[in-house]
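*Asks:* Before I ask anything, let me first share the structure, which is written out below as structure tokens.
The values are calculated or read from the model by the stated rules, or taken from the named source; none is laboratory data. Here the structure is a predicted model, which is why all the values come from computation and not from measurement. Every residue, glycine as well, gets a Cβ built from its backbone with ideal geometry; the counts of neighbours run over all protein chains shown.
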């Protein structure tokens, strides 16, 4: 049973091994929202490159980002996606295509990431891409809607912080909508 709603749509972002999918699925279950796995939108060629520990270029990523945005927009209710969204330009690309998109950035130590990736089996992105992802990672800027979370925290703590952030974002959004409606009504009667 959901106790609150998800609005706006959310991307859980971070480098490989940060726990994006785990947190995005937990939030999706809480909200009854649709989970979008960005990895499902990579081309076979992109997956082959990454399986060979070859980092993707910006040109490789654009069709992928477009596919994620199309999927999030296709859904009749807000979605929660797991997507690396490593660069500001990638996040801007998604925000330009998905209205109201906000980001939850899972960040933490390289050592823990390496441990997680060494233990992960059956995924096309391995530890060989970790350093290249960390090299291009641009954390959320102050002017970007979102929240940074320490991925070393337990899932319950991460979920709780994310839920509080979404609730506060919804409250702020509702206040802004009410204020604009009040201003419009006031102008109408002047």
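*Asks:* What number of residues within the stretch 74-89 are at pLDDT 90 or above and either touching a strand residue (DSSP E or B) at 6+ places or on another chain (Cβ under 9 Å) or assigned to a loop (DSSP other than H, G, I, E, B) (or both)?
*Replies:* 9
*Asks:* Which of (1) surrounded by 14 or more Cβ atoms within 10 Å (Cβ to Cβ); (2) at negative phi; (3) in contact with a helix residue (DSSP H, G or I) (Cβ under 8 Å, 6 or more places away or on another chain) is the odd one out, the single condition residue 85 does not satisfy?
*Replies:* That leaves (2) as the condition not met.
*Asks:* Moving on to the next point. Can you confirm whether residue 66 is within 16 Å of the chain's Cα centre (by Cα), free of Cβ contacts under 8 Å to residues at least 12 places away in the same chain, in a helix (DSSP H, G or I) and farther than 17 Å from residue 137 by Cα?
*Replies:* No; evaluated as a whole, the condition is false for this residue.
*Asks:* Restricting to the stretch 49-61, count the residues that are modelled with pLDDT of 85 or more and exposed (fewer than 13 other Cβ atoms within 10 Å of the Cβ).
*Replies:* Matching residues across the stretch 49-61 total 1.
*Asks:* Would it be correct to say that residue 181 is assigned to a helix (DSSP H, G or I) and modelled with pLDDT under 95?
*Replies:* So residue 181 passes the test.
*Asks:* Please list, ordered by first then second residue, the pairs with beta carbon atoms under 8 Å, 6 or more apart or interchain, first in the stretch 152-168 and over 11 Å from residue 26 (Cβ atoms), second loosely packed, with under 13 Cβ neighbours inside 10 Å and at pLDDT below 95.
*Replies:* 152/109; 166/4; 167/4
*Asks:* Mind checking whether some residue in the stretch 39-48 is crowded, with 16+ Cβ neighbours inside 10 Å, part of a helix (DSSP H, G or I) and touching a residue at least 24 places away in the same chain (Cβ under 8 Å)?
*Replies:* Yes: one or more hits.
*Asks:* Surrounded by fewer than 17 Cβ atoms within 10 Å (Cβ to Cβ), within 19 Å of residue 40 (Cβ to Cβ) and at pLDDT below 75 - does that describe any residue in the stretch 93-115?
*Replies:* No, because not a single residue in the stretch 93-115 is surrounded by fewer than 17 Cβ atoms within 10 Å (Cβ to Cβ), within 19 Å of residue 40 (Cβ to Cβ) and at pLDDT below 75.
*Asks:* Which of the residues that make up the stretch 117-140 are surrounded by fewer than 13 Cβ atoms within 10 Å (Cβ to Cβ) and either under 15 Å from residue 83 (Cβ atoms) or at pLDDT 85 or above (or both)?
*Replies:* 135
*Asks:* Confirm whether residue 31 is in contact (Cβ under 8 Å) with a residue 12 or more places away in the chain, under 23 Å from residue 157 (Cβ atoms), surrounded by fewer than 20 Cβ atoms within 10 Å (Cβ to Cβ) and touching a helix residue (DSSP H, G or I) at 6+ places or on another chain (Cβ under 9 Å).
*Replies:* No.
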